[in-house]
Amino acid sequence: QVQLVESGGGLVQAGGSLRLSCEASGRTFNRDAMGWFRQAPGKEREFVVGISWSGGSTYVVDSVKGRFTISRDNAKNTMYLQMNSLKAEDTAVYYCAAGGYGLGPERGRYDDWGQGTQVTVSS
């Protein structure tokens, strides 16, 4: 069992920045990737960005490329999402996820989920 705790959501104006954090604990030895998903009201949960457990590889969807940056601090077992130039369409609940099936956008690769943190971008 892996526990994931997110923090850092909030309300920001369009064009602003936020940084999300996700700390992993528990039986992480067989996990090889982490990712951020988001779910807007009335929409499916969608993959946004992911990173290998070592931090050596990343996967970023086109809609956030150049604006969002993912990183890891392996010593702290923590993943970060730096979000810049935020847009109203980035408003969603952001979920941290971890899995042991390789890095990729498919939801099925991820077994462990955080509770979610709300990001609201006002226009």
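The values are calculated or read from the model by the stated rules, or taken from the named source; none is laboratory data. Treat the numbers as computed from the prediction; the structure is a model and nothing was measured. A quick note on method: Cβ atoms are made from the backbone with ideal geometry, for glycine too, and the neighbour counts reach across all protein chains shown. Accessible surface areas use protein heavy atoms only, side chains included; no ligands, DNA or RNA. Shrake-Rupley method; radii C 1.70, N 1.55, O 1.52, S 1.80 Å.
I'd like the antiparallel share, as a percent to the nearest 5, of DSSP beta bridges with both residues in the chain.
Close to 90 percent.
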Residue-wise, which Karplus ³J(HN,Hα) couplings in Hz belong to the range 70-76, taking 6.51 cos²θ - 1.76 cosθ + 1.60, θ = phi - 60°, and x for glycine or proline?
9, 8, 9, 10, 5, 5, 9
Under the Karplus curve 6.51 cos²θ - 1.76 cosθ + 1.60, θ = phi - 60°, whole-Hz ³J(HN,Hα) for the range 117-123, x wherever Gly or Pro sits
9, 7, 10, 10, 10, 8, 9
Taking the simple approach of a point 7 Å from Cα along Cα-to-Cβ for both Ser123 and Ser52, what is their distance in nm?
3.9 nm
Please work out how much accessible surface Tyr110 shows to a 1.4 Å probe, ignoring ligands, DNA and RNA, in Å² rounded to 10.
10 Å²
Student exercise, the range 11-116 dipole from Lys, Arg, Asp, Glu Cβ charges, in Debye to nearest 20:
120 debye
Just to confirm, what accessible area per residue do you get for the range 41-101 at 1.4 Å probe, in whole Å²?
49 Å²
How far is the Cα center of the range 76-117 from the Cα center of the range 1-18, in Å?
10 Å
Over the range 47-123, with every protein chain in place, what whole percent of the accessible area is carbon and sulfur at 1.4 Å, could you tell me?
46 percent
May I ask for the net charge around Tyr59, where only other residues with Cβ less than 12 Å from the Cβ of Tyr59 are counted and Lys, Arg are +1 while Asp, Glu are -1?
0
Any idea what % of Cα-Cα pairs in the chain are farther than 23 Å?
22 percent
Using only protein heavy atoms and a 1.4 Å probe, report how much of Arg107 is accessible, in Å² to the nearest 10.
120 Å²
With springs connecting C-alpha atoms under 10 Å apart, model the chain as a Gaussian network and identify which of Gly104, Gly35, Gly66 has the largest mean-square fluctuation.
Gly66
